[in-house]
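Below: the structure, in structure tokens.
The values are calculated or read from the model by the stated rules, or taken from the named source; none is laboratory data. Being a predicted model, the structure only gives us computed values, none of them experimental. A quick note on method: Cβ atoms are made from the backbone with ideal geometry, for glycine too, and the neighbour counts reach across all protein chains shown. Calculation scope for accessible area: heavy atoms of the full protein, side chains included, ligands and nucleic acids excluded. Shrake-Rupley method; radii C 1.70, N 1.55, O 1.52, S 1.80 Å.
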Amino acid sequence: MTKLQQLHEDIYSFLMECHKKNNDFRFFPRRHNKEKFKEKLWLTDNSDEILIGLSLARETYSHCLSLNIKHQNESVKSFKLQIGFRGEEYDDKLDLFMGLAQSILDNTSELKRPTNIEDKRILKFDLPFGVDWKANIIYFIEKIKPIIDSYIKGQKLDDTFFISEDSFKKAIEVVEIERHSILHTPILNNTNIPINSYPLNQILYGPPGTGKTYSTVELAYKIIHNDAPNSYEEARNWYKTALANTEDRQVEFITFHQNYSYEDFVMGIKPQLSEDTLGFREHKGIFFEICQRALKNLQQATQADYQETPSFQEVFDTFIADLIQNDRPVEVGLKRGGSFSITKVNAKNIEFKKQSGTSEHTLSIQTLEEIYSNQREFTSGLATYYNQIVEKLREIATGLTRKIPIQPLRNFVIIIDEINRANISRVFGELITLIEEDKRWGNEFETEVRLPDGVTKFTVPKNLYIIGTMNTADKSIALLDIALRRRFEFTALYPDSSKVSPNYQTFFESLNEQIIAKKGIDFSIGHSYFMTKNGEELDFVKTMNKKVIPLLNEYFYNAKDNKLVADLVEKAIAKAGFTHTIVPSSYQLLIQ
């Protein structure tokens with residue numbers, strides 16, 4: 001890869017990272033020239049200048065806003081913000097662009113007035129960090145973009161100036177398909193690559209009743225389908241069906257709690273009662289299982305020579321098929337000569353007879369599987385029989401191994417409700433490292449670990465998305481395990497009065513304003529408490545007495561009496577103009 005190709009790759013990847021962190025930041029990559037795609041140039045490049053379009057280029061004002069990176073001998077020489085257009089036919093927009101330029105100058109101290117001010121059609125600002133293009137892009141997003149957003153919205157040009165989410169996705173999809181086909185040659189024929197900009201690890205956080213768990217359904221649908229549902233009901237129906245699927249499920253749901261552990265989530269042992277004997281069995285947790293399914297699909301989608309190895313159960317069923325179907329003993333030869341016969345099989349054991357004897361002996365199927373999977377060695381008296389069966393099973397497995405044609409790449413989602421209620425370090429263990437984006441299987445620094453059993457190798461694939469929810473009234477982000485915080489992106493969901501039944505919006509807003517003033521926004525009341533289905537009338541008294549007031553009592557638990565909560569409710573009732581009153585009581589606060 002040349003320096004220029006690497007520069008395009010680095011800038012494009014960084015822009016996509018910026019978009020993931022700030023969904024409102026969108027740009028136009030190269031969109032048409034396939035010859036340039038073959039040269040691995042993902043952005044518009046005019047011989048010595050890379051142009052990053054930031055507005056509806058060509059469709060309306062012809063490159064009215066862009067970041068221009070000048071390069072020479074494949075190295076960055078300058079970085080400028082360009083405002084303007086080409087062609088006299090757009091002269092009626094001169095005042096608009098000059099006003100935009102002046103607004104940027106008025107609100108930033110780092111930028112200087114462009115030297116080419118006499119050419120009003122094209123104004124170029126030198127950004128403050130010189131050839132450090134990453135710092136300049138961040139500066140634009142954090143400092144300049146909010147100024148541009150405010151100005152354009154003030155001009156009421158949002159719909160004709162900014163790049164829409166749909167236009168952005170279509171432009172990125174063209175690049176991603178070309179980019180993937182060039183950089184990953186084993187899947188040249190596989191164009192069914194899900195393209196989306198959702199973070200691999202994200203947490204929806206906010207106070208109770210703001211729709212965090214509710215939102216995960218639609219979000220999971222978008223990630224799996226790479227498209228939005230026509231309605232929430234469509235997403236909900238799909239979600240129910242997806243969770244009911246017992247094979248190759250793409251979505252899982254789990255709720256964390258204080259007793260949840262690594263052994264529940266990843267792998268461990270569980271007690272098992274066999275007849276009247278207590279023993280133990282291996283347990284593979286929900287995270288382990290969905291990782292295995294996602295990894296298998298990712299390997300099938302990206303490896304042209306992928307071979308599927310049969311499971312132990314499939315091999316074992318083939319081995320004993322004649323016994324089960326025809327009631328004929330299975331003969332197994334011994335290396336020293338002679339043989340033994342498997343005569344019976346149940347869920348736990350194999351019964352066999354030696355060639356020279358009449359008594360029956362027993363072998364454990366679980367032990368057989370552990371030897372077959374290289375999880376243990378068996379050297380005691382029955383080792384000869386175990387090892388001969390394992391050798392036979394491996395011969396059968398070779399015949400059952402099959403080459404799988406390239407499969408469409410699919411996304412998988414695990415939803416972790418109340419993620420902050422468990423001990424994160426205890427639940428994730430060493431896997432907290434594996435969920436990082438660059439350490440996912442299929443990415444640059446893919447990492448594999450050996451699980452505590454000392455045998456099983458494990459990795460987290462890049463097509464598995466983790467969505468968590470967190471109630472900020474239980475625990476704020478500041479108190480969350482720092483190792484978890486730095487690996488997740490956070491999306492806030494706070495009370496939205498527009499979703500509240502119209503007659504109760506004033507009450508809702510007044511109550512939350514008081515709560516925020518006394519406790520902070522993390523303890524506000526969510527809009528779902530004041531929403532109804534199908535236009536039904538809200539039972540305000542029941543909602544307050546059964547849901548909202550008990551929650552407020554929890555928030556202000558240390559108050560000497562319930563006067564503080566009563567005062568909050570009374571003020572909100574008065575502001576809304578309601579006739580409800582507080583019922584006098586020393587024990588329980590109610591309204592009527």
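The table below lists the values:
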item	result
Odd one out for Ala574, checked against (1) modelled with pLDDT of 90 or more; (2) crowded, with 18+ Cβ neighbours inside 10 Å; (3) small (Gly, Ala, Ser)	(2)
Filter result for His580 (surrounded by 12 or more Cβ atoms within 10 Å (Cβ to Cβ) and within 17 Å of Gly211 (Cα to Cα))	no
Residue among Lys145, Lys112, Lys120, Lys134 that is open to solvent by 80 Å² or more (accessible area, probe 1.4 Å), of a type in the set (D, E, K, R) and at pLDDT 85 or above	Lys134
Any hit, region 345-368, residues being in a helix (DSSP H, G or I) and without any contact (Cβ under 8 Å) to a residue 12 or more places away in the chain	no
Residue satisfying condition, being open to solvent by 60 Å² or more (accessible area, probe 1.4 Å), β-branched (Val, Ile, Thr) and either out of contact with any helix residue (DSSP H, G or I) (no Cβ under 9 Å at 6 or more places or on another chain) or under 29 Å from Gln258 (Cα atoms) (or both), within set Ile515, Ile482	Ile482
Subset of region 400-415 (residues that are of a type outside the set (A, V, I, L, M, F, W, C) and at pLDDT below 85)	Thr401, Arg402, Lys403, Pro405, Gln407
Set Ile416, Ile432, Ile406: member being outside any helix (DSSP H, G or I), of a type in the set (Val, Ile, Thr) and surrounded by fewer than 19 Cβ atoms within 10 Å (Cβ to Cβ)	Ile406
Subset of region 435-451 that is among the β-branched types (Val, Ile, Thr) and open to solvent by less than 40 Å² (accessible area, probe 1.4 Å) - its residue that is farthest from Asn201 (Cα to Cα)	Val449
Condition check for Arg58: more than 21 Å from Ala135 (Cβ to Cβ), at pLDDT below 75 and in contact with a Ser or Thr (Cβ under 6 Å, 6 or more places away or on another chain)	no
Within region 340-365, tally of residues that are loosely packed, with under 12 Cβ neighbours inside 10 Å and closer than 18 Å to Arg394 by Cβ	0
Flag if Phe140 is crowded, with 16+ Cβ neighbours inside 10 Å, closer than 16 Å to Asn22 by Cα and modelled with pLDDT under 80	no
Check on Ile52, open to solvent by less than 20 Å² (accessible area, probe 1.4 Å), in the same structural domain as Val174 (by the TED database), at pLDDT 80 or above and assigned to a strand (DSSP E or B)	yes
Which listed residue is touching a Gly at 6+ places or on another chain (Cβ under 8 Å) and at pLDDT below 85, from Gln307, Gln355	Gln355
Residue within region 496-514 that is under 30 Å from Ile432 (Cβ atoms) and aromatic (Phe, Trp, Tyr) present	no
So Leu298, is it outside the structural domain of Glu395 (by the TED database) and in contact (Cβ under 8 Å) with a residue 40 or more places away in the chain	yes
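Every residue, every condition in (1) modelled with pLDDT of 90 or more; (2) open to solvent by less than 20 Å² (accessible area, probe 1.4 Å); (3) not aliphatic (A, V, I, L, M), yes or no:
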| residue | (1), (2), (3) |
| --- | --- |
| Tyr198 | no, no, yes |
| Leu219 | yes, no, no |
| His225 | no, no, yes |
| Ile254 | yes, no, no |
| Phe265 | yes, yes, yes |
| Pro271 | no, no, yes |
| Leu278 | no, no, no |
| His283 | no, no, yes |
| Cys291 | yes, yes, yes |
